[in-house]
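To keep things clear, I will list the structure first and then write my remarks on it.
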Ligand SMILES: Nc1nc2c(ncn2[C@@H]2O[C@H](COP(=O)(O)OP(=O)(O)OP(=O)(O)O)[C@@H](O)[C@H]2O)c(=O)[nH]1
Ligand SMILES: [Mg+2]
């Protein structure tokens with residue numbers, strides 16, 4: 001099996017680390033050979049057994065003290081420091097030869113999506129074998145504008161990182177069935193989303209362009225807590241890399 005690298009990306013608290021755990025546990029259960037990597041130096045607690053953990057080299061706390069900066073400055077410095085670890089990360093992956101590598105990205109999504117070091121990492125580990133799972137936060141997604149804001153964030157992550165994307169509604173168990181249904185419908189029915197926005201300021205044309213560009217795609221509801229949706233993520237990855245059809249549909 002070709003090696004695939006999966007990056008978990010989403011706004012702070014959207015469930016990246018727990019989804020990394022749940023998806024990893026599920027992959028273990030079907031006997032997929034995998035590696036889990038924590039790239040968040042600010043994590044207090046990592047809920048899965050990390051094979052590589054950036055905190056072994058530095059933590060946000062270390063950087064704040066060493067460089068006398070606040071948490072935001074430390075995030076930026078840590079992102080730049082990540083580049084110095086790439087050879088080591090690549091070496092360890094090459095040594096273990098896993099089929100899948102799960103990468104849990106830093107809490108603040110912009111630290112991963114906007115800084116240059118992430119692109120360097122993606123290139124070093126092989127861009128063509130990379131995909132991201134983008135998590136829509138369930139609470140933010142409850143309102144149509146919250147949903148739309150995250151849609152734009154998801155798109156910006158594709159533009160910046162230039163790797164394909166699977167979009168999921170994270171922690172779906174915290175929402176009622178009707179709420180989940182409504183959000184999933186927003187993600188698949190452009191006219192329904194447009195009517196929910198109840199405003200003419202955002203042209204339906206803009207949404208159409210997103211759709212025509214393949215940037216408006218149905219969400220999959222997942223729950224790390226209850227464990228559902230894992231197979232859908234796996235199928236999405238398989239379909240992209242091994243399905244052999246509609247590649248553009250997923251990437252752009
Ligand atoms: N109900 C429910 N809670 C969840 C689920 N996944 C994560 N959580 C909770 O949501 C909180 C944030 O989850 P994390 O996985 O740490 O989110 P994150 O995106 O890694 O957060 P940061 O890295 O700190 O930005 C935690 O308190 C989890 O217990 C889920 O599927 N269902
Ligand atoms: Mg996390």
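All of 103, 111, 139 fail the test of being out of contact with any strand residue (DSSP E or B) (no Cβ under 9 Å at 6 or more places or on another chain) and crowded, with 20+ Cβ neighbours inside 10 Å, apart from 111. In a residue-by-residue description of the stretch 161-169, the property of being within 16 Å of ligand 2 (Cβ to nearest atom), closer than 20 Å to residue 19 by Cα and modelled with pLDDT of 95 or more applies to at least one position.
Mind listing whichever residues of the stretch 20-38 are within 16 Å of ligand 1 (Cβ to nearest atom) and in contact with a strand residue (DSSP E or B) (Cβ under 6 Å, 6 or more places away or on another chain)? Correct list: 20, 24, 36, 37, 38. A search for C-beta distances below 7 Å between a residue of the stretch 215-233 that is at positive phi and any residue that is outside any loop (DSSP other than H, G, I, E, B) and within 16 Å of ligand 2 (Cβ to nearest atom), counting only pairs 6+ apart in sequence or on different chains, returns 227/22; 229/168.
Residue-by-condition table, conditions (1) surrounded by 13 or more Cβ atoms within 10 Å (Cβ to Cβ); (2) modelled with pLDDT of 95 or more; (3) within 16 Å of residue 149 (Cα to Cα); (4) in the same structural domain as residue 47 (by TED's automatic domain parsing):
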position: 174; (1), (2), (3), (4): yes, yes, no, no
position: 177; (1), (2), (3), (4): no, yes, no, no
position: 180; (1), (2), (3), (4): yes, yes, no, no
position: 184; (1), (2), (3), (4): yes, yes, yes, no
position: 202; (1), (2), (3), (4): yes, no, yes, no
position: 212; (1), (2), (3), (4): no, no, no, no
position: 216; (1), (2), (3), (4): yes, no, yes, no
position: 222; (1), (2), (3), (4): yes, yes, no, no
position: 227; (1), (2), (3), (4): yes, yes, no, no
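Okay, residues lined up against (1) assigned to a helix (DSSP H, G or I); (2) within 27 Å of residue 99 (Cβ to Cβ); (3) out of contact with any helix residue (DSSP H, G or I) (no Cβ under 6 Å at 6 or more places or on another chain):
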position: 147; (1), (2), (3): yes, no, no
position: 151; (1), (2), (3): yes, no, yes
position: 155; (1), (2), (3): yes, no, yes
position: 159; (1), (2), (3): yes, no, yes
position: 182; (1), (2), (3): yes, no, yes
position: 207; (1), (2), (3): yes, no, no
position: 211; (1), (2), (3): yes, no, no
position: 214; (1), (2), (3): no, yes, no
position: 240; (1), (2), (3): yes, yes, no
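Taking the criterion of being in a loop (DSSP other than H, G, I, E, B) and within 16 Å of ligand 2 (Cβ to nearest atom), the residues of the stretch 89-107 that qualify are 105, 106, 107. The single condition from (1) within 22 Å of residue 18 (Cβ to Cβ); (2) free of Cβ contacts under 8 Å to residues at least 12 places away in the same chain that residue 123 fails is (1).
So, residue 121, is that one assigned to a helix (DSSP H, G or I), buried (at least 16 other Cβ atoms within 10 Å of the Cβ) and at pLDDT below 95 or not? For residue 121, the condition - assigned to a helix (DSSP H, G or I), buried (at least 16 other Cβ atoms within 10 Å of the Cβ) and at pLDDT below 95 - is not met.
Screening residue 83 on (1) in a helix (DSSP H, G or I); (2) touching a helix residue (DSSP H, G or I) at 6+ places or on another chain (Cβ under 7 Å); (3) within 15 Å of ligand 1 (Cβ to nearest atom) shows it passes everything except condition (3). What number of residues in the stretch 32-64 are more than 14 Å from ligand 2 (Cβ to nearest atom) and in contact with a helix residue (DSSP H, G or I) (Cβ under 9 Å, 6 or more places away or on another chain)? Result for the stretch 32-64: 13.
Residue-wise test of (1) closer than 22 Å to residue 226 by Cα; (2) without any contact (Cβ under 8 Å) to a residue 24 or more places away in the chain.
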{"site": "4", "(1), (2)": "no, no"}
{"site": "7", "(1), (2)": "yes, no"}
{"site": "12", "(1), (2)": "yes, no"}
{"site": "22", "(1), (2)": "yes, no"}
{"site": "27", "(1), (2)": "yes, no"}
{"site": "49", "(1), (2)": "yes, yes"}
{"site": "65", "(1), (2)": "no, yes"}
{"site": "75", "(1), (2)": "no, no"}
{"site": "85", "(1), (2)": "no, no"}
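Say we look at the stretch 99-118 and pick out the residues that are under 16 Å from residue 155 (Cβ atoms) and free of Cβ contacts under 8 Å to residues at least 60 places away in the same chain; which of these is nearest to ligand 1 (Cβ to nearest atom)? Filtering first and then ranking leaves 110.
The values are calculated or read from the model by the stated rules, or taken from the named source; none is laboratory data. Predicted model only: the values in this text are computed from it and were never measured. Positions of Cβ are backbone-derived with ideal geometry, glycine not excepted, and every protein chain shown enters the neighbour counts.
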